[in-house]
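Report on one structure; see the data block that follows.
What follows is calculated from the coordinates using simple rules that are stated; it is not laboratory data. Computed from a predicted structure; not experimentally measured. Cβ placement follows ideal geometry from the backbone for every residue including glycine, while neighbour counts extend to all protein chains displayed.
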Amino acid sequence: MSGGNTYLVAQQQAASRCDPFNQRMTMTFKTMFGACMLLGMAAHAQLPVKQLSQATPFANTITPDFLEQRLRVLASAEMEGRETGTPGQEKAAIYIESQFQGFGLKPGAAGQWRQYYPMFIDTLGSHTALEVNGTHIPYGDDFKANIMSSHGDTLENVPVVFVGRGIADKDRDDYAGLDVKGKVVLFLSEDKYPADSAYTGAARGLSDAAKRFWASNKGAKAVLVLDDNPRKPDFPRAGFMRMQRNPGGRMANEYLVRSGVAALISGVDSASLKTLKPGTLANPVSILYEKVPVELKPSNVLAFLEGTDKKDEVLFITGHYDHLGKKDGKIYYGADDDGSGTTAVLALAHAFAEAKKAGKGPRRSIVFMTVSGEEKGLLGSNYYVEHPLYPLEKTVADLNTDMVGRIDPGHEQDTNYIYLIGDNKLSSAMRPISEAANNEFTKMKLDYTYNDPKDVNRFYYRSDHYNFAQHGIPIIFYFNGVHEDYHKPTDTVDKIHFGLMARRVQLVFYTAWDIANRDEKLPVDRHEQ
């Protein structure tokens, strides 16, 4: 029986049960009308169960063995942690593409498997250096800057003004009587020099960041911070990945220099630096800070399964395949985060492909999309919704799997669970569909703890579904919670609970089956964020 026929039968049965002439009850018409409405809603909620029975043979293709076989590839050392923009991420994309193709799916990105998007990472140029009075000081221990917060700089023979501690708040102004516009400012770092007794202002006024802000507002071209603290780690030589070639923001760069450099600029020995008086120092400086943007070409991988009579409407099933890559020689395998979600997408794609081969294909089209850039700030999914390949107004929902293979500390005694997030924020129909499927088939505890708008973890905003939700597309985020190996090299395949993971993915499948086959598109009748 098709979904449409099931819905008609259920409505008729509910109406019959609520017919006041067939009931031996004494209630007011208003009470009876309310009861009828509740029964009708219950029938609607239970509606998926009958037609979902057709899905069971295909749900059963989602097995622990199927999942483990693929996750062992995705979370292997060969994939090098799958960091966005790296060869490891590209290897993972090739593997995912081969799986989709092997299932018999079509390319989902305008005839291609990939949707590429631009990404840039700044690297430190080899010519970066500081020069004082003919002395060349290459980038290193004596002169360095944080590439994350700095821009390219070219300064030639610029005067340096010493401003003491560089404080300029309502209680004290170390710039009084000094002109620093178009010049370089040198001040002492609080890490080495404790606050002097002449200043009793709030601690907020003592941070280097605040001092950099004040110097920039007074027109300084750059800031030199005298800091000999050996505990400060070296800054990375590559910056954040971003989607713009030239990010905005032109606050003066802050450079850390050691006492020897400051002494060279000041024309005094290092021991005399603490007795320096505010004013212009003996020697100007030249600074070349070379940031070289390197363009990367990460991608989302999309597969398409065409629907039947409602093929213009599209259901998305997503999971991010990127992770953290390698750090300090250690691979961050990302088996749960989000190798498990990526593997779930593959299993769901396979199950629906098998259904279509058996003549049980979905009425609506389905796009299976594994995205990159999630760990960099949801970049891949953000690019997709800004450059959609399918009309957003025809996109009926996004079911997103991000960490579905582990057990969190709160469920060690009762492991048959899954967290659902966002299922009732945009559509009143989504939760009844999900719960009906779970009650009949997967029978897990559906934990809504993190769906609370007051949840301090704010998980609703932290995975790729959120970019769809921002465009009014109903979503469910499937999540197992955070565990001790989250974002650590120890997030490995041997800790995945594949039997539990299979049940979780089957719940996604039954929910997707209903959404893809129901008569009406999910209503967007709620607006909770």
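May I ask you to list, by number, the DSSP H helices of the chain whose Cα span along the axis is at least 18 Å and whose average Kyte-Doolittle hydropathy reaches -0.5 or more? Helices passing the filter in the chain: 29-46, 87-103, 341-357, 498-517. A straight chain from Glu520 to Leu392 at 0.36 nm per residue would run longer than the Cα-Cα distance by 44.4 nm. Under a model in which nothing but the beta-carbon of Lys, Arg (+1) and Asp, Glu (-1) is charged, the chain shows a dipole of about 900 debye around its Cα centre.
Based on DSSP H runs of at least 4 residues, each adding -39500 (n - 2.57), what is the mean residue ellipticity at 222 nm of the chain after dividing by all its residues, to the nearest 500 deg cm²/dmol?
Working: 13 runs with 146 residues, N = 529.
Calculated at 222 nm, the ellipticity per residue is -8500 deg cm²/dmol.
Which pairs break 25 Å Cα to Cα here: Lys211/Lys291; Lys291/Lys326; Lys91/Lys443? Over 25 Å Cα-Cα: Lys91/Lys443. For the chain, the square roots of the Cα gyration tensor eigenvalues, ordered a ≥ b ≥ c, give a/c of at least 1.5 with a/b greater than b/c, which places it in the prolate category.
Extension gain, His487 to Val268, is 74.0 nm, computed as 0.36 nm per intervening residue step minus the present C-alpha separation.
Between the alpha-carbon centres of region 387-416 and region 142-181 there is a gap of 48 Å. A 23 angstrom limit on the alpha carbon distance is what I want to check against. Which of Lys221/Lys376; Lys311/Lys445; Lys327/Lys495; Lys357/Lys394; Lys221/Lys277 exceed it? Listed pairs above 23 Å: Lys221/Lys376; Lys311/Lys445; Lys357/Lys394. With both labels modelled 7 Å from their Cα along Cα-to-Cβ, the Lys360 to Asp171 distance reads 7.3 nm. Grab the beta carbon distance between Val292 and Ala110, set R0 = 35 Å, and tell me the FRET efficiency rounded to 0.05. The calculated FRET efficiency here is 0.65.
Using the Cβ-Cβ distance between Ile94 and His136 with R0 set to 45 Å, the FRET efficiency from 1/(1 + (r/R0)^6) comes to roughly 0.50. Rounded, prolate or oblate: which fits region 425-480, taking a ≥ b ≥ c as square roots of the Cα gyration tensor eigenvalues, rounded meaning a/c under 1.5, else prolate when a/b beats b/c? Note, shape of region 425-480 comes out oblate. Full extension of the chain between Asp328 and Asp234 yields a length gain of 32.5 nm, computed as 0.36 nm times the residue separation minus the alpha carbon distance. Extending 7 Å from Cα along the Cβ direction at Tyr448 and again at Asn146 yields two label points whose distance is 4.1 nm.
Each 5 Å bin from zero up to the one holding the largest Cα-Cα distance in region 72-155 carries the following percent of pairs: 3, 10, 15, 13, 11, 10, 8, 8, 8, 6, 4, 2, 1, 0. As a ratio to 2.2 N^0.38 Å, the alpha-carbon radius of gyration computed for region 422-529 takes the value 1.15.
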